2 protein chains.
Amino acid sequence: MVMIFKGFVRFVCQFSTMLSKNDIKLIRSLEQVKFRKKHAQFVAEGSKVINELIGSGLSCRKIFTTNETLFDSSIDVQKINAKALNQLSFLSHPKDALALFDLPARSSIDLNQIKQDFALACDCIQDPGNLGTILRIADWFGIKQVICSEDTADVYNPKVVQSTMGSIGRVNVVYVNLTGWIEENKAEFPIMVAALGGDNIYESSLPSSGLIVLGNEARGVSKEIVSNATRRLLIPGTGKAESLNVAVSAGILCAEVRRPKSSPQT
Amino acid sequence: MVMIFKGFVRFVCQFSTMLSKNDIKLIRSLEQVKFRKKHAQFVAEGSKVINELIGSGLSCRKIFTTNETLFDSSIDVQKINAKALNQLSFLSHPKDALALFDLPARSSIDLNQIKQDFALACDCIQDPGNLGTILRIADWFGIKQVICSEDTADVYNPKVVQSTMGSIGRVNVVYVNLTGWIEENKAEFPIMVAALGGDNIYESSLPSSGLIVLGNEARGVSKEIVSNATRRLLIPGTGKAESLNVAVSAGILCAEVRRPKSSPQT
């Protein structure tokens, strides 16, 4: 028991020489959406992601890193050791840095943009990794807006930020009452939903713009939204899996709508 | 301190009335590949996945569940409470059951099958969620074999089992020295790799069978394998993301090779 207590004291002392209690408290609190809103900050990890976010114009408050040479000297950078970084990190395999960013101001939906190009909508996507991967897909395919229902995971959740790999700074993410917003705007652009029992994507002529709605991991797109959809689309499978992962479906649908009209058949 | 100690004793007592120490020790050990091999068992969670695996012919040794009515009475089922199940679970959101399955015998590669249809290969896929999602994609598109390099995540890792959603029982997964195996068999079938700088998939005529190789999350497919590839394929993006998630790429490539030759252009 004494040994454990001594070990604990040694651990706490070593730890507190590296980081202030306030920094630790603040960073740990940012795992929760209420504290991200309260402090108007979020966490990003890894020098690659951090530098991409800075490059996208997001405001970085402070970086804790094991290697300060990875960052521009104009930023407030604190060198810490790997042990201290591991304690701060939200990742199971911590990277080389952790940064605090200012939460960007809430943005609004650009309706004209959806009339001219595609946008994605997330109807209650709950897994942070799925949401992050969907943002990365949007960014890959040059899709500028992702419109999320209020019950979708928060985009500034540390796990979402990580799985976007920096795309979070380049894609406009807006939270709305998705069902109500679609009901109001359904006459403005085509609304496509990924749904079992829909039209085979290989046999469908797809519109050249509109909203692609992706549904909850277990329940799919809600009935209300499906009833307002212009097109229900099926990615046909010949195997026995019950469904595809939602981010994988998003990738396949984006690749399909981005297929040039003149491309040869494979 | 006394309060904490009393709480701890109460917790241990409550816990041990539900589960034997041996069961707890065994299940916790199965997070590690060496103990999965030693005990020749693996863990699956959630009644849906468990019943799918049983339906695929895998041998289930025992189920711990909060609701024994979800399972066939021929299986050894132990009812436990939600708290005990939470303690056993490897998931951040535990399901309604956790089961022990016998590790299936090592299977071999069916070369003839790759000459007639597609197979996937995983070159050092390290994220368990990615590997599981790739198996689910294979199962969706009716692809029967996934050939993994020895440094790919273990398919019986609890996180992989979970993200396959039951597909693990329907897709044959084989571990080999992938580089060597491809070197030996490259004359037998087309070898396609997803690679930046490859041929645009929209403008390519794809073979009707062969191996699709998916690469490591950070480094992509190894140089040795790329040098043996018949085709390098690019999923073109117009945005700024540096890459797509590997499971998303796998989904897009599988959807592409499964596109009927006669399908209309979108």
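We did not get these values from a lab; they are worked out from the coordinates using the rules stated. Computed from a prediction, not measured in an experiment: that's the story for all the values here. In this analysis, Cβ positions are derived from the backbone assuming ideal geometry, glycine residues included, and neighbour counts consider all displayed protein chains.
Remark: label point of B:Gln78 defined 7 Å out from Cα along the Cα-Cβ vector; separations to the same position in other copies 4.7 nm, ascending. Working note: Debye formula, equal point scatterers on the alpha-carbon atoms of the protein assembly as shown, no solvent; log10 I(q)/I(0) at q = 0.06, 0.08 Å⁻¹ is -0.32, -0.58.
Dipole size of chain B about its Cα centre, with +1 on Lys/Arg Cβ and -1 on Asp/Glu Cβ: approximately 840 debye, rounded to the nearest 20. Listed by chain and number, the lysines whose C-alpha is less than 24 Å from the C-alpha of A:Lys95, apart from same-chain residues fewer than 8 away, are A:Lys21, A:Lys25, A:Lys48, A:Lys62, A:Lys79, A:Lys83, A:Lys159, B:Lys159, B:Lys240. Charge tally for B:Asp110 (other residues, Cβ to Cβ under 11 Å; Lys, Arg +1; Asp, Glu -1): +1.
Taken about its Cα centre, the stretch B:161-234 carries a charge dipole of roughly 120 debye when the Cβ of each Lys and Arg holds +1 and the Cβ of each Asp and Glu holds -1. Applying the Karplus relation 6.51 cos²θ - 1.76 cosθ + 1.60 with θ = phi - 60° to the stretch A:27-37 yields 3J(HN,Hα) values of 4, 4, 5, 6, 6, 9, 4, 5, 7, 5, 5 Hz, where x marks Gly and Pro.
What does the structure give for A:229-240 when I average, per residue, the other chain Cβ atoms found within 10 Å of the residue Cβ? Don't skip to the answer; put the middle values down first.
Working: counts 0, 0, 0, 0, 0, 0, 6, 6, 8, 5, 13, 11.
Taking all residues of A:229-240 together, the mean is 4.
Rounded, prolate or oblate for the stretch B:86-154? Axes are the square roots of the Cα gyration tensor eigenvalues, ordered a ≥ b ≥ c, and the cut-off for rounded is a/c under 1.5. Prolate is the answer for the stretch B:86-154, as a/c is 1.5 or above and a/b outweighs b/c.
When Lys and Arg each count +1 and Asp and Glu each count -1, what net charge do the other residues less than 13 Å away from B:Thr179, Cβ to Cβ, add up to? Numbers along the way, then the final one.
Working: positive: B:Lys186, B:Lys223; negative: B:Asp123, B:Glu150, B:Asp151, B:Glu183, B:Glu184, B:Glu224.
Net local charge, B:Thr179 excluded: -4.
Taking square-rooted eigenvalues a ≥ b ≥ c of the alpha carbon gyration tensor, is the stretch B:118-172 rounded, prolate or oblate, where a/c under 1.5 means rounded and, failing that, a/b exceeding b/c means prolate?
Details: a/c = 1.88, a/b = 1.13, b/c = 1.66.
Taking the square roots of the gyration eigenvalues as a ≥ b ≥ c, the stretch B:118-172 is oblate.
Sorted shortest first, the distances from the B:Ser227 label point to those of the same residue in the other copies are 6.2 nm; each point sits 7 Å from Cα along Cα-to-Cβ. Remark: label point of B:Lys261 defined 7 Å out from Cα along the Cα-Cβ vector; separations to the same position in other copies 2.7 nm, ascending.
Around the amide H of A:Val173, modelled in the peptide plane, lie the amide H atoms of A:Val146, all under 5 Å away and 5 or more residues distant in sequence or on another chain. 3J(HN,Hα) couplings calculated from phi for the stretch A:138-147 with the Karplus curve 6.51 cos²θ - 1.76 cosθ + 1.60 (θ = phi - 60°) are, in sequence order, 4, 5, 4, 8, x, 8, 8, 10, 10, 9 Hz; Gly and Pro show x. Put a plus charge on the Cβ of each Lys and Arg, a minus charge on the Cβ of each Asp and Glu, and nothing anywhere else: the dipole of the protein assembly as shown about its Cα centre is then about 1500 debye.
Annotation for B:Ile109 and A:Asp151: the two label points, set 7 Å from Cα along the Cα-Cβ direction, are 4.6 nm apart. 3J(HN,Hα) along the stretch B:105-112: 5, 4, 9, 10, 7, 9, 5, 4 Hz, from the Karplus curve 6.51 cos²θ - 1.76 cosθ + 1.60 with θ = phi - 60°, whole Hz, x for Gly and Pro.
So for A:Ser204, B:Ser73, A:Ser59, fewest C-beta neighbours within 10 Å to most, what's the order? Before the final figure, lay out the partial values.
Working: A:Ser204 18, B:Ser73 7, A:Ser59 12.
Ordered from fewest to most neighbouring Cβ atoms within 10 Å, A:Ser204, B:Ser73, A:Ser59 come out as B:Ser73, A:Ser59, A:Ser204.
Let me know the shape class of chain B, please: from the alpha-carbon gyration tensor, a ≥ b ≥ c as square roots of the eigenvalues, rounded when a/c is under 1.5, otherwise prolate if a/b is greater than b/c, or oblate. Taking the square roots of the gyration eigenvalues as a ≥ b ≥ c, chain B is prolate. In this rough spin-label picture, where each label sits 7 Å from Cα along the Cβ direction, the A:Ala82-B:Glu242 distance is 2.1 nm. Among beta bridges identified by DSSP and lying wholly in the protein assembly as shown, the antiparallel ones come to about 30 percent.
Counting only C-alpha contacts under 8 Å and six or more residues apart, can you give the relative contact order of the stretch A:109-266 as a whole percent?
Numbers: 284 pairs, mean separation 43.9, N = 158.
After rounding, I find 28 percent.
Against chain A, whose longest principal axis is taken from its Cα atoms, helix A:2-16 shows a tilt of about 70°. For the stretch B:152-266, the Kirkwood estimate of the hydrodynamic radius, built from every pair of different alpha carbons, is 15.8 Å. Can you say what percent of the DSSP beta bridges in chain B, counting only those with both residues inside, are antiparallel? Round to 5. Bridges in chain B that DSSP calls antiparallel: roughly 30 percent.
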